[in-house]
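Note sheet for the following structure.
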Amino acid sequence: MNLGLYIHIPFCRKKCFYCDFPSSVVSEAVYADYVNALCREIAIRQKNMPEAVLDTVFIGGGTPTVLSAGQLASILGCLQAHFLFTNQTEITIEANPGTVNREKLAVLKAAGVNRISFGVQSFSGDILRQIGRIHSGAEAVEAIMNAREAGISNINIDLMYGLPAQHITDIMDSIQKAIELGVRHMSVYGLQIEEATPFARLESQGLLQLPSEEEEAAMYEFVTRFLPEQGYQRYEISNYAVQDAKCCHNLKYWHYQPYLGLGAAAHSFFDGRRTANTADIKKYINALQGQNAVLPVGFAEKLDRETAMAEFMFLALRTTEGCAWQAFYDYFHMDFFIKYKEIIETFSQKKLLEVTATGIRLTSLGMQYGNTVFSSFLPD
Ligand code: SF4
């Protein structure tokens, strides 16, 4: 059985001002204990599903590359010692440009990494300082060039728009730079102000100077028009790739396929159940210590059929292909045109959804207001 596997590394050098991801700044002394715990979890999980073959692996965070080259190689070695892989398994690692050098990238390549995703956000030093990143634009350029030199040519960069002090020329320049650098995939996100972040505090005090709605809309319009013109196909609301460079791991999430999540705070979806490991790093390490090691699961739920059908719909609708009638029917033995007749009619009239030869998809307007459509599928 083919499976995607996600590994969470919950550490960062410094928290960015907008970030609410499960990651924290801890003493480097904790890293070794965490890597040991991860290797124990890998062994236990594999024993529970000996038939699993990993066709995608995604090491995310946090900042996985705060770990040393040796620690990252030992996680990958441990995975390969326990699980079966295909001969084309996509192995992605997320990296912060301020935490990689040529040597580390060469070790990652030798350990099997064949895709790298850099959190760049912008190539402008001013903007990077405003959002609390630890790297400069020049360091991001250097990291991308070093990755390619190390033999990892399948490169994604994350970029952001709607940032404090950002003008449309910044996002234009950043995208142009990424194209010149030959990156094959771009994930471009609008800034969201998340609770309990420094940006949320500044906003509540009226101290966060964000672009106007019109400026932000112009940035969105530029991104969604310019990238496809340059050969980067938009295949999900925020994701663009040149041919054959779509992220196979992320496609599993949107195609409602099973995946395992290992590490503190990691989520799994398997056999109609969603589970999550404890987000508490100490508890995670302690649970996996000693003879009586146990899986550090902090949350588990069996999805009821209504919720599962809703999730299937709105995850598939994130992609530009949309939701295929046949795929939904194969999974639930149900016709979604009947099940969701009213929703489909309502949003088709509003020009947010359209019927295709294979099912339904968001229109380009719908891509902008996806959340309104998605929430309508959820049971009351
Ligand atoms: S590096 Fe990434 S995970 Fe870490 S604080 Fe910044 S945005 Fe969040």
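The values are calculated or read from the model by the stated rules, or taken from the named source; none is laboratory data. For clarity, every value in this text was computed on a predicted model and none was experimentally measured. Quick reminder, even Gly has a Cβ in these numbers, built from the backbone with ideal geometry, and neighbours come from all protein chains shown. With ligands, DNA and RNA removed, areas are computed over all heavy atoms of the protein, side chains included. Shrake-Rupley method; radii C 1.70, N 1.55, O 1.52, S 1.80 Å.
Going residue by residue through region 4-21, is there one that turns out to be away from the ligand (no atom under 14 Å from the Cβ), more than 16 Å from Gly60 (Cα to Cα) and either of a type in the set (Gly, Ala, Ser) or crowded, with 18+ Cβ neighbours inside 10 Å (or both)? Can you show your working first?
Taking region 4-21 and keeping what is away from the ligand (no atom under 14 Å from the Cβ), we get 4-7.
Those still in the list that are more than 16 Å from Gly60 (Cα to Cα) too: none.
Scanning region 4-21, I find no residue that is away from the ligand (no atom under 14 Å from the Cβ), more than 16 Å from Gly60 (Cα to Cα) and either of a type in the set (Gly, Ala, Ser) or crowded, with 18+ Cβ neighbours inside 10 Å (or both), so the answer is no.
Within region 218-246, being touching a residue at least 12 places away in the same chain (Cβ under 8 Å), more than 15 Å from Leu159 (Cβ to Cβ) and either hydrophobic (A, V, I, L, M, F, W, C) or in a helix (DSSP H, G or I) (or both) holds for Ala218, Pro228, Val242, Ala245.
For region 283-303, residues that are free of Cβ contacts under 8 Å to residues at least 24 places away in the same chain and among the charged types (D, E, K, R) total 1. For beta carbons closer than 7 Å, sequence separation of 6+ or different chains, a first residue in region 335-358 that is assigned by TED's automatic domain parsing to the domain that holds Phe314 and a second that is open to solvent by less than 70 Å² (accessible area, probe 1.4 Å) and assigned to a loop (DSSP other than H, G, I, E, B), the qualifying pairs are Lys351/Thr363; Leu352/Thr363; Leu353/Thr363; Glu354/Thr363; Thr356/Gly322. Listed by position, the strands (runs of 3 or more DSSP E) enclosed by region 1-99 that each have at least 3 residues that are out of contact with any Leu (no Cβ under 8 Å at 6 or more places or on another chain) are 84-95. Filtered by the rule that a residue be open to solvent by 70 Å² or more (accessible area, probe 1.4 Å), away from the ligand (no atom under 16 Å from the Cβ) and among the hydrophobic types (A, V, I, L, M, F, W, C), region 22-46 gives a lone residue, Ala29. I'd like to check something: does region 80-94 contain any residue that is touching a helix residue (DSSP H, G or I) at 6+ places or on another chain (Cβ under 9 Å), within 15 Å of the ligand (Cβ to nearest atom) and open to solvent by 40 Å² or more (accessible area, probe 1.4 Å)? Checked region 80-94: at least one residue is touching a helix residue (DSSP H, G or I) at 6+ places or on another chain (Cβ under 9 Å), within 15 Å of the ligand (Cβ to nearest atom) and open to solvent by 40 Å² or more (accessible area, probe 1.4 Å). Entry remark, region 108-131: residues being in contact (Cβ under 8 Å) with a residue 12 or more places away in the chain, open to solvent by less than 20 Å² (accessible area, probe 1.4 Å) and within 22 Å of Ile168 (Cβ to Cβ) number 6 in total.
Within region 100-139, track down each residue that is within 13 Å of the ligand (Cβ to nearest atom) and either under 19 Å from the mean Cα position of the chain (by Cα) or among the basic types (Lys, Arg) (or both). Please lay out each step first, then the result.
Filtering region 100-139 for residues within 13 Å of the ligand (Cβ to nearest atom) gives 100, 117-122, 128, 131-135.
Answer for region 100-139, where residues must be within 13 Å of the ligand (Cβ to nearest atom) and either under 19 Å from the mean Cα position of the chain (by Cα) or among the basic types (Lys, Arg) (or both): Ser117, Phe118, Gly119, Val120, Gln121, Ser122, Arg133.
Sort out which residues of region 147-171 are of a type in the set (Gly, Ala, Ser) and surrounded by 23 or more Cβ atoms within 10 Å (Cβ to Cβ), and write them in order of number. The answer is Ala147, and nothing else. If you check Glu215, Glu142, Glu203 for being closer than 14 Å to Ala95 by Cβ and part of a helix (DSSP H, G or I), only one passes: Glu142.
Within the option set Asn286, Asn277, being outside the structural domain of Phe21 (by TED's automatic domain parsing), within 25 Å of Phe83 (Cβ to Cβ) and surrounded by 21 or more Cβ atoms within 10 Å (Cβ to Cβ) holds for one residue only, Asn277. For Leu67, work out the one condition from (1) free of Cβ contacts under 8 Å to residues at least 40 places away in the same chain; (2) surrounded by 15 or more Cβ atoms within 10 Å (Cβ to Cβ) it doesn't fulfil. In the conditions (1) free of Cβ contacts under 8 Å to residues at least 40 places away in the same chain; (2) surrounded by 15 or more Cβ atoms within 10 Å (Cβ to Cβ), Leu67 misses (1) alone.
I'd like to verify a number: residues in region 234-254 that are of a type outside the set (Gly, Ala, Ser) and over 22 Å from Leu365 (Cβ atoms), how many? Step through it out loud before you land on a result.
First, pick out the residues of region 234-254 that are of a type outside the set (Gly, Ala, Ser): 234-237, 239-240, 242-244, 246-254.
Filter again for over 22 Å from Leu365 (Cβ atoms), leaving 242-244, 246-253.
Residues in region 234-254 being of a type outside the set (Gly, Ala, Ser) and over 22 Å from Leu365 (Cβ atoms): 11 in total.
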